[in-house]
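Undergrad: Once you've had a glance at the structure underneath, I'll fire off some questions.
Each value in this text was obtained by applying a stated rule to the coordinates, not by laboratory testing. All of these numbers come straight from a predicted model, not from anything done at the bench. Ideal geometry is used to build each Cβ from the backbone, glycine not excepted, and the neighbour counts take in all protein chains shown.
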Amino acid sequence: MIIYLIIIIIAYLLVTAFGYLLDYLNLSNLKKYGSLIPHEFEGKIDQELLIKTRNYTVEKTKFGFISSIFDNIILLLFLFGGILNIYNSWVASMQMHFILSGLAFFLLLTYAQTIISTPFSLYGTFKIERKYGFNTMTMKLWIIDFIKSLMLSTVLMGILLSVGLLLIQKSPELWWFYLWCFFFAFTIFMMYISPYVLEPLFNKFTPIEDEAFVDDIKVLMQNAGIKVNRVFKMDASKRTKHTNAYFSGIGKVKRIVLFDTLIEKLEKDEILSVLAHEAGHWKKRHLLKMLAVTELIALAVSFIAFKTLQSDLLAKLFNITESTFFAKVIILSFILSIAGFPLTPLFNLFSRRNEYEADRFSSELTGNPEHMISSLVKLSKDNLSNLHPHPLYSFFHYSHPPVLERIRKMRGLHK
């Protein structure tokens, strides 16, 4: 049995090492080409901004490496250093009801993970992001957000765990299917209520005051065959200078949300092109397709989990004294995270294809791809985006195509 444990450890180390190799390749590529101004950015970016972009990417990558090393050490100690066994035995010794034991087991682990990751979150927000002019959040607001997030996650996890464990207890043979159905229904439900219940907990949403601009947006959406009743501005500038725009909700509760930072930095025609891009995702049913693929995988994983958790193999493999359902779930999650590594680039490949389709839709809907191109240039500058990512790095990590590829693709479509 020890041979299987060795294989799992080696697989984990190889996946981790490959991730670090990608970071190294990306930084090497940036060092080699980072000072070159692409043709698409000539006259719009200078060497000073390129240096700032390079430094931002390097600093984030190095910090990510340090935090990753720390996380990996904690994880290995927890799984292979006996901590999981001690913790599991402690929870089991309380002899609580199955559902209460599960709530205690997973919620306490979540709180511990939050505490461990908090110093890194604070450093990233108040050191790196502030250093490069992005963070506008005060410590008071960070603490308020932290408390709200912790309370919200406790409530949502409490609901999911309670119902999920109840299904497992009441239906020993079919819980994997019922659990998948419940999680799927909960996901759809959250998509419906999020615009009205969750999002307002953290941000203020106000109608766009420029009525003529709102009319332009509604006409654009009507031309795309999408009915949008309301267009909102979000006070993102309270926390960051990063920009974004998105469709929120599903079905009849769809609405458009613009970051106030986006409204400040882009011209109206550029914002319309960005919204046309988002409309392209809806018209091409990208969200529906991604949801379908994700749920099919989740169904398969649920069945695999059901079959695997029926035996005590995982508990014996990791020397767990009390073979509890909860400890086996943790171990199985770890193994599945390794096995699922090849899916990451596949999902990103699927996502990048969707982005190209949405870019094409935006160009056709507005009739002028240059507005979308100019918005990409501005957003790349403002967000200090790496203009020269290593191809292998972007293949594995980028859910959106590199900005230069997107621009060249759009111009190639309209020659």
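Undergrad: Grab the eigenvalues of the alpha-carbon gyration tensor for the stretch 233-380, scale each by 5, take roots, and send me the semi-axes largest first in whole angstrom.
TA: Numbers: eigenvalues 366, 63, 39 Å².
Square roots of five times the eigenvalues give 43, 18, 14 Å.
Undergrad: On the principal axes of its Cα set, how long, how wide and how thick is the chain? Give whole Å, largest value first.
TA: 65, 49, 43
Undergrad: Could you grab the relative contact order for the chain? Cα pairs under 8 Å, six or more apart, rounded to a whole percent. Don't jump to the answer; show the numbers that get you there.
TA: Numbers: 381 pairs, mean separation 90.6, N = 415.
So the answer I get is 22 percent.
Undergrad: I've got another one for you. Which of rounded, prolate or oblate describes the stretch 69-165 when judged by the alpha-carbon gyration tensor and an a/c cut-off of 1.5? Show your work: numbers first, answer last.
TA: On the way: a/c = 3.67, a/b = 1.63, b/c = 2.25.
Because a/c hits 1.5 or more and a/b fails to exceed b/c, the stretch 69-165 counts as oblate.
Undergrad: Roughly how big is the chain's charge dipole about its Cα centre, with Cβ charges of +1 (Lys, Arg) and -1 (Asp, Glu), in debye to the nearest 20?
TA: On the way: 43 positive and 33 negative charges, 42 e Å.
Result for the chain is approximately 200 debye, rounded to the nearest 20.
Undergrad: Given 0.36 nm per residue, what is the gain on full extension from Ile116 to Ser171 after removing their alpha carbon distance, in nm?
TA: Working: separation 55, 0.36 × 55 = 19.80 nm, distance 3.59 nm.
Once the chain is fully extended between Ile116 and Ser171, it gains 16.2 nm.
Undergrad: OK, next. For the stretch 67-129 and the stretch 144-201, what is the separation of their Cα centres, given in Å?
TA: Here the answer is 20 Å between Cα centres.
Undergrad: A follow-up question, please. List the relative contact order of the stretch 242-313 as a percent without decimals, with contacts defined as Cα pairs under 8 Å and 6+ residues apart. Write down the numbers at each step before the final one.
TA: Working: 34 pairs, mean separation 14.6, N = 72.
Rounded, it is 20 percent for the stretch 242-313.
Undergrad: Helix by helix through the chain, keep the DSSP H runs that span 27 Å or more along the axis on Cα and average at least 0.5 on Kyte-Doolittle, and give those back in order. Walk me through the numbers before you get to the answer.
TA: Details: long enough: 2-33 (46 Å, 1.43); 47-80 (48 Å, 0.61); 98-123 (39 Å, 1.48); 139-170 (46 Å, 1.57); 286-309 (34 Å, 1.59); 343-366 (34 Å, -0.66).
Within the chain the helices that satisfy the rule are 2-33, 47-80, 98-123, 139-170, 286-309.
Undergrad: Run the count for the stretch 191-298, please: Lys pairs, Cα-Cα under 14 angstrom, 8 or more apart or on different chains.
TA: Count of close lysine pairs: 12.
Undergrad: Let a ≥ b ≥ c be the square roots of the eigenvalues of the Cα gyration tensor of the stretch 5-146; is it rounded (a/c under 1.5), or, if not, prolate (a/b larger than b/c) or oblate?
TA: On the way: a/c = 4.00, a/b = 1.79, b/c = 2.23.
Note, shape of the stretch 5-146 comes out oblate.
Undergrad: Amide H to amide H under 5 Å from Thr240: which residues, 5+ apart in sequence or cross-chain, H placed 1.01 Å off N in plane?
TA: Under 5 Å from the amide H of Thr240 lie the amide H atoms of Thr136, each far enough along the sequence or on another chain.
Undergrad: What is the distance in Å between the Cα centroid of the stretch 337-376 and that of the stretch 273-313?
TA: Their Cα centres are 17 Å away from one another.
Undergrad: Right, here's the next one. Which residues in the stretch 385-408 place their backbone N less than 19 Å from a point set 7 Å from the Cα of Asn55 along the Cα-to-Cβ direction?
TA: In the stretch 385-408, the label zone of Asn55 (backbone N under 19 Å from the point 7 Å along Cα→Cβ) covers 385-388.
Undergrad: Which one of Met191, Ser237, Leu332 has its Cα pushed farthest toward the positive end of the charge dipole of the chain, where Lys and Arg give +1 and Asp and Glu give -1 at the Cβ?
TA: Farthest towards the positive end: Leu332.
Undergrad: While we're on this one: Just tell me which lysines come within less than 26 Å, Cα to Cα, of Lys328; anything on the same chain fewer than 8 places away is out.
TA: Within the straight-line limit of under 26 Å, Lys328 reaches these lysines: Lys170, Lys307, Lys316.
Undergrad: Let me ask something else. Taking every DSSP beta bridge with both residues inside the stretch 181-259, roughly what % is antiparallel (nearest 5)? Present the calculation step by step, with values, prior to reporting the outcome.
TA: Details: 7 of 11 bridges.
Percent antiparallel among DSSP bridges in the stretch 181-259 is about 65.
Undergrad: Also, quick follow-up: For Lys233, what charge total do you get from the other residues with a beta carbon under 14 Å from its beta carbon, if Lys and Arg give +1 and Asp and Glu give -1? Present the calculation step by step, with values, prior to reporting the outcome.
TA: Details: positive: Lys204, Arg230, Lys238, Arg255, Lys265, Lys268; negative: Glu199, Glu209, Asp210, Glu211, Asp235, Asp260, Glu264.
Here the charged neighbours net out to -1.
Undergrad: May I pose another question? Across bins of 10 angstrom width beginning at 0, how are the C-alpha pair distances of the stretch 43-110 distributed, in whole percent?
TA: 17, 27, 19, 15, 13, 8, 2
Undergrad: Let me ask something additional. Quick check on the chain: helices-only [θ] at 222 nm, where DSSP H runs of length 4 and up contribute -39,500 (n - 2.57) each and the sum goes over total residues. Nearest 500, please. Provide the component values of the computation, followed by the final result.
TA: Values: 16 runs with 289 residues, N = 415.
Taken over the chain, the calculation gives -23500 deg cm²/dmol.
Undergrad: Further question on the same structure: Classify the stretch 337-415: rounded, prolate or oblate, from the alpha-carbon gyration tensor (a ≥ b ≥ c, eigenvalue square roots; a/c under 1.5 rounded; otherwise prolate if a/b is larger than b/c)? Working shown, then result.
TA: On the way: a/c = 2.65, a/b = 1.68, b/c = 1.58.
Prolate.
Undergrad: Once the other residues with Cβ under 13 Å from the Cβ of Lys316 are scored (Lys, Arg +1; Asp, Glu -1), what is the net sum? Working shown, then result.
TA: On the way: positive: Lys328; negative: Asp312, Glu322.
Result for the local shell: -1.
Undergrad: Please state the relative contact order of the stretch 1-150 as a whole percent: Cα pairs under 8 Å, 6+ residues apart?
TA: This gives 17 percent for the stretch 1-150.
Undergrad: When the Kirkwood radius is taken over all Cα pairs of the stretch 137-265, what Stokes-Einstein diffusion coefficient follows at 37 °C and 0.692 mPa s, in µm²/s? Present the calculation step by step, with values, prior to reporting the outcome.
TA: Values: Rh = 17.3 Å.
Translational D for this selection: 190 µm²/s.
Undergrad: Right, next: Quote the charge dipole size of the stretch 106-181 about the Cα centre in Debye, to the nearest 20; the model charges only the Cβ of Lys and Arg (+1) and of Asp and Glu (-1). Before the final figure, lay out the partial values.
TA: Values: 6 positive and 3 negative charges, 69 e Å.
For the stretch 106-181, the charge dipole is close to 340 debye.
Undergrad: Can you tell me the dipole magnitude for the stretch 40-105 around its Cα centre, using point charges on the Cβ only (Lys, Arg +1; Asp, Glu -1), in Debye to the nearest 20? Don't jump to the answer; show the numbers that get you there.
TA: Details: 5 positive and 6 negative charges, 45 e Å.
Dipole about the Cα centre, nearest 20: 220 debye.
Undergrad: Now a separate question. Note down the net charge around Glu40, summing +1 for each Lys or Arg and -1 for each Asp or Glu among other residues with Cβ under 9 Å from its Cβ.
TA: Values: positive: Lys44, Arg408, Arg411; negative: Glu42.
Net charge in that neighbourhood comes out at +2.
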